[in-house]
Amino acid sequence: MIVMGGSASGRIAEGIGKELGIPVANCEFRRFPDGEGYIRILDDISKEDYVIAVQTTYPDSNIVELFIMHDAIMEWTKNAKIITVVPYMGYSRQDKIFLDGEAISARAILHHIELYSDAMIFVDLHSSKILEFTTKRSYECTAMEVIAEYFKDKGIDFVLSPDKGAIERARKVALNMGLEYDYLEKTRIDGTTVKMRAKNLDVNGKRVLIVDDIISTGGTIIKATESLKASGATEVYAVCTHGLYTNNALEHLRPVLNGIYSTDTIESETSVISVAKPISDAIREIIGGI
Ligand code: R5P
């Protein structure tokens, strides 16, 4: 078995290699002058039984790279089983038709990923329901345990989910840390604006950790922080699995937060927590049953 990371997910591939004690394939990645991607696997993988291909499918160029990785693996191994790991699944938020004429983009991307995959692993999907679009063996793991582990000795008193949809995630973190948790009622007005219903939170004098799956524009976290401060929280930290940080979100978030953290599903300056362990556990489980 060998693991191969795409250019968006090299760190996680290294981590999986260490966790499972398997080699990481050396690959060459470059771009042609017209911007098209090129990859070449530099190690002989022809005798491998399993190849773990790891690639976040965001932004778009990384989706194409994953398809090329699949092709290179198939070309060289013929009979190997391919387990595709997608740490952050781009397009997962368009998981249903909101207006006539739209696509279910999550389904479209998933169908292409599954073409050459014997099994697939995802991390904290925006909605697990998208897995109903595939018949291939698929597994969703969560970063919540590694997030809880990271914050265990950091003096947090309370965990908050910024909306009802993410309450399960906040609950997992809170339970693992032995803390209380609550959630806010969020209404999304448009892609960049959210409204939070005022709520009395029991956070007076407390250090609060907001837990979310994605931070994109940062609007959700900023509104949640305002509610927490209004309820007397002394310090507010935010952590997410997938730090997208669109529209210069970090510049807006840093001044209002005491700290901002994410996992390495999208590599950035905040990605200090690795999801290599939960992914490796999922691989062990799949190999037992593939
Ligand atoms: C929404 O349901 C998600 O869990 C996140 O809260 C959302 O994607 C964050 O987006 P933004 O940072 O743009 O408010």
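The values are calculated or read from the model by the stated rules, or taken from the named source; none is laboratory data. Predicted, not measured: the structure shown is a model, and the values here were computed from it. Glycine also receives a Cβ, built like all others from the backbone with ideal geometry; neighbour counts cover every protein chain displayed. All accessible areas refer to the heavy atoms of the entire protein, side chains included, with ligands and DNA or RNA removed. Shrake-Rupley method; radii C 1.70, N 1.55, O 1.52, S 1.80 Å.
Got the relative contact order for region 85-208 handy, in percent, Cα pairs under 8 Å and 6 or more residues apart? Write out the running numbers ahead of the final one.
Details: 173 pairs, mean separation 22.2, N = 124.
Relative CO of region 85-208 lands at 18 percent.
Which one, LEU209, ILE113, THR234, is farthest towards the positive end of the dipole of the chain when Lys and Arg carry +1 and Asp and Glu -1 on their Cβ?
THR234
What figure in square angstrom, to the nearest 10, would you give for the accessible area of LYS152 with a 1.4 Å probe?
It works out to around 110 Å².
Using alpha carbon centroids, what distance separates region 56-121 and region 146-196, in Å?
29 Å
Looking at the chain from every direction and averaging, what is the projected area of its Cα convex hull in nm²?
On the way: hull surface 64.4 nm².
Result: a mean projected hull area of 16.1 nm².
Using R₀ = 41 Å, calculate the FRET efficiency as 1/(1 + (r/R₀)^6) where r is the Cβ-Cβ separation of GLU36 and GLU149; round to 0.05.
Numbers: r = 41 Å, r/R0 = 0.99.
So, using R0 = 41 Å, E works out to roughly 0.50.
Can you give the calculated 222 nm mean residue ellipticity of the chain, where each DSSP H run of n ≥ 4 adds -39,500 (n - 2.57) and the sum is split over every residue, rounded to the nearest 500 deg cm²/dmol? The partial results should precede the final answer.
Working: 8 runs with 89 residues, N = 290.
It comes out at -9500 deg cm²/dmol, rounded to the nearest 500.
Please identify, among VAL194, VAL159, VAL275, the residue showing maximal mean-square fluctuation in a Gaussian network model of the chain using a 10 angstrom Cα cutoff.
Result for the chain, Cα springs under 10 Å: VAL194 fluctuates most.
Return the single residue from PRO87, PRO255, PRO162 with maximal mean-square fluctuation; model: Gaussian network over the chain, springs between Cα atoms under 10 Å.
Largest GNM mean-square fluctuation: PRO255.
With 30 Å as the limit, write out which pairs from LYS129/LYS277; LYS81/LYS154; LYS172/LYS199; LYS81/LYS164; LYS154/LYS199 have Cα-Cα distances beyond it, or answer none.
On the way: LYS129/LYS277 24 Å; LYS81/LYS154 42 Å; LYS172/LYS199 22 Å; LYS81/LYS164 38 Å; LYS154/LYS199 26 Å.
Distance filter (> 30 Å) returns LYS81/LYS154; LYS81/LYS164.
For a protection proxy built on the mean count of beta-carbon atoms within 10 angstrom, sort 231-242, 62-73 highest first, please. Kindly include the intermediate steps, with their values, before the conclusion.
On the way: 231-242: 22.3, 62-73: 19.2.
Order by mean packing, descending: 231-242, 62-73.
For the chain, modelled as a Gaussian network with Cα springs under 10 Å, which listed residue fluctuates most, GLY17, GLY178, GLY218?
GLY178
Evaluated at 20 °C with a viscosity of 1.002 mPa s, what Stokes-Einstein diffusion coefficient in µm²/s does region 125-245 have when Rh comes from the Kirkwood expression over alpha-carbon pairs?
144 µm²/s
Which order do you get for THR142, THR187 if you rank them by accessible area with a 1.4 Å probe, largest at the top?
Numbers: THR142 30, THR187 80 Å².
From most accessible down to least: THR187, THR142.
Could you give the accessible area per residue of region 29-68, probe 1.4 Å, as a whole number in Å²? Each step should come with its number before you reach the end.
Working: 2190 Å² over 40 residues.
Each residue of region 29-68 exposes 55 Å² on average to a 1.4 Å probe.
As a test of reading the structure, rank LEU99, LEU253 by solvent-accessible area (1.4 Å probe, protein chains only), most first.
On the way: LEU99 115, LEU253 0 Å².
Ranked list, largest accessible area first: LEU99, LEU253.
Which value, in Å² rounded to 10, gives the accessible area of GLU267 with a 1.4 Å probe and all protein chains present?
The value for GLU267 is about 80 Å².
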